[in-house]
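What follows is a set of notes on a single structure, which appears directly below.
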Amino acid sequence: MTNRRETRILPTHTPQLFEAAVKEGVELLRAGEVVAIPTETVYGLAANALNPKAVARIYEIKGRPAHNPIICHVADRALAHRCVTDWPNVAERLAKSFWPGPLTLVLPRASIIPDMVTAGGSTVGIRWPSHPFTQAVIRACDFPLAAPSANLSNQLSPTSAAHVRKQLDGRIPLIVDGGECNVGIESTVVDISVLPPRLLRPGMIHEESLLAVTGELKIGSADGELRSPGLLKKHYSPQARMAVRDWKNEAALNELSVRLGFAQRRTCVIAHASVPGAGEWLRVAVVPHDAEAYARALYAELHQCDELGANGIIVEQLPDAPEWRALADRLQRASA
Ligand code: TXA
Ligand code: MG
């Protein structure tokens, strides 16, 4: 059990507040504490990656299974190099194209990275996030930050400080509010410790963009899915039952909810193209018909469904195109 403690939320929207939050975040992280920090993908639950005790606290706070490795966040190439034993050409090219940004590279781990971070495995995931707050903290710490998404294990990832507070209030000393996440879903994870490289988790940097750099790419992990639980069938889930479907018009949608056994008053609809009227629905959310804007909005909408106590969520099927694929993946896991 984690003892209850006061959780502070620090804003960062002026230079003074930003500096004060960096200072406080760095002090806590140096002392082996766990702090929720903003990144451009989702909020992270960060600790000093080189301190096994601090990293153990992350697992404890999240209720995360011990076999699920944690990504290390860096803020320059030199720190990335310190975390790995090999920096192949393909790493250099991918880093040049997509860092800082929503791409995690899996490489053979250096001995400074504790077992606690890699779940005993021989590789480590490295990411250079683009969020200025997190970059400033990592630079000041001069150690990598181990950070999974700042949610309880298997629940929805947070894209705002309020989402983090909902799940982790009383469990951590500090949440730094860096605004709403710009990307909105978790990073693309690519294993380049093997040849050809393997896409372990789709993200907004999609297959086609990676292929343009790597020339070759296999989908999924070679040694089964357990090494990367983000690939498990059910993950990233809201509390309500969720279904992803197409509907022609409002009548078809009504019929669909009956067939699913979803009572309209307790059901939220998330639409992007075929938008129904408010009707009897608990909520009708309209998210932009644009993959990047959709990604930015999706988790906030799902959090909102949880907040309203929805029993059911019906999400309109996404277009079948490369830029939508990671979103379709998340919806599929959330509804599995
Ligand atoms: O965007 C993100 O990646 C966010 C932000 C905070 O950076 N982090 C995140 O972490 O989503 P997490 O722990 O929720 O998801 C990391 C995924 C998991 O599916 C994990 O299994 C996989 O990456 N992973 C991490 N290290 C790995 C490794 N060495 N080999 C294979 N998979 C790894
Ligand atoms: Mg996660």
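Condition first: under 15 Å from residue 104 (Cα atoms), assigned by TED's automatic domain parsing to the domain that holds residue 105 and within 18 Å of the chain's Cα centre (by Cα). Can you find one or more residues in the range 44-55 that meet it? Steps first, answer last, please.
Pass one, the range 44-55, residues under 15 Å from residue 104 (Cα atoms): 44.
Within this subset, residues satisfying the condition of being assigned by TED's automatic domain parsing to the domain that holds residue 105 are 44.
Pick out the ones that are also within 18 Å of the chain's Cα centre (by Cα) and you get 44.
Among the residues of the range 44-55, at least one is under 15 Å from residue 104 (Cα atoms), assigned by TED's automatic domain parsing to the domain that holds residue 105 and within 18 Å of the chain's Cα centre (by Cα), which makes the answer yes.
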Among (1) more than 16 Å from residue 328 (Cβ to Cβ); (2) at pLDDT 95 or above; (3) within 16 Å of ligand 1 (Cβ to nearest atom), residue 247 falls short only on (3)
Within the range 167-218, which residues are away from ligand 2 (no atom under 16 Å from the Cβ), touching a residue at least 24 places away in the same chain (Cβ under 8 Å) and in a strand (DSSP E or B)? 174, 175, 176, 177, 190, 191, 198
Kindly evaluate residue 91 against the criterion of being surrounded by 15 or more Cβ atoms within 10 Å (Cβ to Cβ), touching a residue at least 24 places away in the same chain (Cβ under 8 Å) and in a helix (DSSP H, G or I). yes
Among (1) in contact with a strand residue (DSSP E or B) (Cβ under 6 Å, 6 or more places away or on another chain); (2) open to solvent by less than 30 Å² (accessible area, probe 1.4 Å); (3) within 15 Å of ligand 1 (Cβ to nearest atom) - the single one residue 39 does not satisfy: (1)
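Checking the condition within 25 Å of residue 45 (Cα to Cα), buried (at least 19 other Cβ atoms within 10 Å of the Cβ) and either at pLDDT below 95 or of a type in the set (S, T, N, Q) (or both), which residue from 193, 187 passes? Don't jump to the end; show me each part of the working.
Working: 193 fails: within 25 Å of residue 45 (Cα to Cα).
Matching residue, one of 193, 187: 187.
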Right, residue 119: assigned by TED's automatic domain parsing to the domain that holds residue 23, away from ligand 2 (no atom under 16 Å from the Cβ) and aliphatic (A, V, I, L, M) or not? no
Tell me which residues, restricted to the range 57-78, are touching a strand residue (DSSP E or B) at 6+ places or on another chain (Cβ under 9 Å) and not in a loop (DSSP other than H, G, I, E, B). 57, 58, 61, 62, 72, 73
Tabulated pairs, the range 140-152, first of a type in the set (S, T, N, Q), second within 7 Å of ligand 1 (Cβ to nearest atom) and not in a loop (DSSP other than H, G, I, E, B), C-beta under 8 angstrom, 6+ apart or interchain: 149/44
Output yes when any residue across the range 118-126 is within 9 Å of ligand 1 (Cβ to nearest atom) and in a helix (DSSP H, G or I), and no when none is. yes
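Could you say which residue among 212, 147, 140, 162 is hydrophobic (A, V, I, L, M, F, W, C), surrounded by 24 or more Cβ atoms within 10 Å (Cβ to Cβ) and in the same structural domain as residue 92 (by TED's automatic domain parsing)?
Details: 212 fails: surrounded by 24 or more Cβ atoms within 10 Å (Cβ to Cβ); 140 fails: surrounded by 24 or more Cβ atoms within 10 Å (Cβ to Cβ); 162 fails: surrounded by 24 or more Cβ atoms within 10 Å (Cβ to Cβ).
Being hydrophobic (A, V, I, L, M, F, W, C), surrounded by 24 or more Cβ atoms within 10 Å (Cβ to Cβ) and in the same structural domain as residue 92 (by TED's automatic domain parsing) holds for just one of 212, 147, 140, 162, which is 147.
Out of the residues in the range 279-323 meeting the condition of being outside any helix (DSSP H, G or I) and farther than 24 Å from residue 249 by Cβ, tell me which one is least open to solvent (accessible area, probe 1.4 Å). Let's see the steps before the verdict.
First, the residues of the range 279-323 that are outside any helix (DSSP H, G or I): 279-290, 308-321.
Adding the requirement that they be farther than 24 Å from residue 249 by Cβ leaves 308-309.
Working: 308: 74, 309: 29 Å².
If we take residues in the range 279-323 being outside any helix (DSSP H, G or I) and farther than 24 Å from residue 249 by Cβ, then 309 is least open to solvent (accessible area, probe 1.4 Å).
Does residue 13 count as over 27 Å from residue 295 (Cα atoms) and in a loop (DSSP other than H, G, I, E, B)? Steps first, please.
Numbers: over 27 Å from residue 295 (Cα atoms): no; in a loop (DSSP other than H, G, I, E, B): yes.
Taking the combined requirement at face value, the residue does not satisfy it.
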Please enumerate the residues belonging to the range 66-79 that are open to solvent by 50 Å² or more (accessible area, probe 1.4 Å) and either touching a residue at least 12 places away in the same chain (Cβ under 8 Å) or not assigned by TED's automatic domain parsing to the domain that holds residue 114 (or both). 66, 67, 76, 77
Please go through (1) at pLDDT below 95; (2) open to solvent by 40 Å² or more (accessible area, probe 1.4 Å) for residue 60 and return the number of the only condition it doesn't satisfy. (1)
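The values are calculated or read from the model by the stated rules, or taken from the named source; none is laboratory data. Keep in mind it's a predicted model, so treat the numbers as computed, not measured. Cβ atoms come from the backbone with ideal geometry, glycine included; neighbour counts cover every protein chain shown. Areas reflect the complete protein model, heavy atoms only, side chains present, ligands, DNA and RNA absent. Shrake-Rupley method; radii C 1.70, N 1.55, O 1.52, S 1.80 Å.
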